1. Regarding the stretch B:234-251, can at least one residue be identified that is within 23 Å of residue B:118 (Cα to Cα), surrounded by fewer than 15 Cβ atoms within 10 Å (Cβ to Cβ) and in contact with a helix residue (DSSP H, G or I) (Cβ under 9 Å, 6 or more places away or on another chain)?
2. Which one of these is surrounded by fewer than 24 Cβ atoms within 10 Å (Cβ to Cβ), in contact with a Leu (Cβ under 9 Å, 6 or more places away or on another chain) and basic (Lys, Arg): B:48, B:43, B:5?
3. Tell me which of these residue A:23 doesn't satisfy, since it passes every other one: (1) touching a residue at least 24 places away in the same chain (Cβ under 8 Å); (2) buried (at least 24 other Cβ atoms within 10 Å of the Cβ); (3) farther than 22 Å from residue A:123 by Cβ.
4. Cβ-Cβ below 7 Å, separation at least six or inter-chain, first residue in the stretch A:161-174 and under 14 Å from residue A:236 (Cβ atoms), second part of a loop (DSSP other than H, G, I, E, B) and of a type in the set (A, V, I, L, M): which pairs?
5. Evaluate the stretch A:194-202: report whether one residue or more is of a type outside the set (Asp, Glu), touching a Pro at 6+ places or on another chain (Cβ under 8 Å), closer than 28 Å to residue A:37 by Cα and not in a helix (DSSP H, G or I).
6. Taking residue B:205 as the residue in question, decide whether it is more than 26 Å from residue A:78 (Cβ to Cβ), at pLDDT 95 or above and not in a strand (DSSP E or B).
7. May I ask you to verify whether residue B:105 is part of a helix (DSSP H, G or I) and not acidic (Asp, Glu)?
8. Select, from B:72, B:27, the only residue that is farther than 21 Å from residue B:192 by Cα, buried (at least 22 other Cβ atoms within 10 Å of the Cβ), within 12 Å of chain A (Cβ to nearest Cβ) and not aromatic (Phe, Trp, Tyr).
Amino acid sequence: MEKIFSRPESLYDLPTHYCPGCGHGIAHRLVAQVIDELAVREKTIGIAPVGCAVVAYDYWNFDCSEAAHGRALAVATAIKRVHPNNVVFTYQGDGDLAAIGTNETIHAANRGENLTVVFINNAVYGMTGGQLAPTTLLGQKTSTSVEGRDKEKHGYPLKISEMLALLPGVVYVERVSLESPQEVLKAKRAIKQAFENQINKLGFSLVEILSPCPTYWGLSPKDSLEWIKNVMQKEFPLGRIK
Amino acid sequence: MLKQKILISGNEAIAEGALQAGCSFYAGYPITPQNELIAYMAKHMPKKGIFIQAESEPAAINMVYGASAAGARSMTSSSSPGISLMQEGISYIAGAQLPSVIVNIMRGGPGLGNIAPAQSDYFQATRGGGHGDYHLIVLAPGSAQEAYDLTQTGFDLADKYRIPVMILGDGILGQMMEPVTLSTKKIKVNPAKSWALSGCQGRKPNIAKSFFLREGDLETFNLKLQKNYELIKNKEERYESLFVADAKVILVAYGTMARIAKTVVSQLRSVGKKVGLIRPITLWPFPQKPFNLKNKRTKFLVTEMSYGQMVDDVKLAVNGRNKINFLGRSGGGVPSQEELISKISKLL
């Protein structure tokens, strides 16, 4: 019998450390699948963030670097400039990319660095215990916004993808979601597009992935997917932004 | 080939030394008094090399982290407040064992301080500076020629020990123009690095990291770093000593301050005063050998453009055997020849 679905070579055969219902496992796999399909595993250098995905390199079967919190795009800029024919991507959470690393994010994008960014938006800081993130929704309760995010105190959810889309160096921005198998397939197509853009030397591409964090949303895995669909996607609408 | 002698500032000499050493990646952010260095790199970096004016010092040092992880000989430069901003990145570079060269052309502090020359970042440079148990090799040139030469040495040491190397100068050294004899040798070839990130073709994946979460792993790794530091301490002490054998008073100074001290020593020697000089060239590892004197009555006079930082290392090296005195000024003040001579005459 022909085997038509298996673990990508770019992904090690290991159980992950992620919580039940977490989106990172799916996102890791999508990245690995795309790298296999594009046959660039031996050319790929991934940059892992600080956050829940810090040990992404334990799961990916290709060269990887850690970066200090928020600095992934500075590290990636240099690696890509040194090895312009390699495929270089960052995998970053919302705190990493849109809070502590906003400066590095905006300037790498504005330089039009020929990089791919996989941006995981789960609306909280997961690794440190579910604190308020730049992307936390208004009213959303976190350990540092105990009454819920209040626009007077905490400002609004930061739409970094829309901001980046304004920059001429940015060629592609799309927001996708992991709330259903159909959306996961769309997410994979977007990630593939973002890698193809780099291979075709088009410039800076970013895919924002709305990803569940049942643990710090205080919801079951199933309800988390519902929450993405019914609540989070209203604030962060899906689709191609640029 | 004829030797080429040119008149350049210390900042430019460091840049030229880096290019001679095969530095192919530079990222930096403007700050006085090291702006000639970044400008020189922008102008002279060969076409195949990479120059980036970063958006901040944290971005610059993390670019150096990335370029070093990718196997390039890479450098950044800044001055005191900028170096403070880079400390996180330097700690990560040390933790990931990435060879790189970081230049600090010191100015007055704390805070925004001023743009006058100073030596008040000695503690930060020699104690690691950022978080964690780590060291950089710290090289302190005393002239533009030595800045040119030591920068090249710095790249070699960084690669040899997989360690960040700091070139520690001050605003006078950086700005002062002096004749420098350039090397007639070919530009150095960046040595092959089997651990570097380049894509895992034909090998297992390489990982650049400093994260060791599993119990015991970080301690094992830190012990490996410590072993490397011990090796460096045993092999890489560098210093200059002058008229030490019969000296009654030995001045201890580095960098620009050693230039002034040297003038004082030769002036006093010309009138028969028994004065000598020890000039540490590596500030970490701090030279131990020259401080082990037979004559316990010899006195040391440590002089710095700070209120006493290197003097602590002299105390550790002397270990109570001899008396140690100190003369220092900071915040733009530089101990003068007259101040030194007056202090020495009280000690003689």
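1. no
2. B:5
3. (3)
4. Short answer, once both residue conditions are applied: A:161/A:241; A:162/A:241; A:165/A:241; A:173/A:241; A:174/A:241.
5. To start, the set of residues in the stretch A:194-202 that are of a type outside the set (Asp, Glu) comprises A:194-195, A:197-202.
So of that shortlist, the ones also touching a Pro at 6+ places or on another chain (Cβ under 8 Å) come out as none.
Among the residues of the stretch A:194-202, not one is of a type outside the set (Asp, Glu), touching a Pro at 6+ places or on another chain (Cβ under 8 Å), closer than 28 Å to residue A:37 by Cα and not in a helix (DSSP H, G or I), which makes the answer no.
6. Working: more than 26 Å from residue A:78 (Cβ to Cβ): no; at pLDDT 95 or above: yes; not in a strand (DSSP E or B): yes.
Taking the combined requirement at face value, the residue does not satisfy it.
7. Working: part of a helix (DSSP H, G or I): no; not acidic (Asp, Glu): yes.
No, not satisfied.
8. After applying the criteria, what remains is B:27.
The values are calculated or read from the model by the stated rules, or taken from the named source; none is laboratory data. Predicted model only: the values in this text are computed from it and were never measured. Don't worry about glycine lacking a Cβ; one is built from the backbone with ideal geometry, like all the others, and counts go over all protein chains shown.
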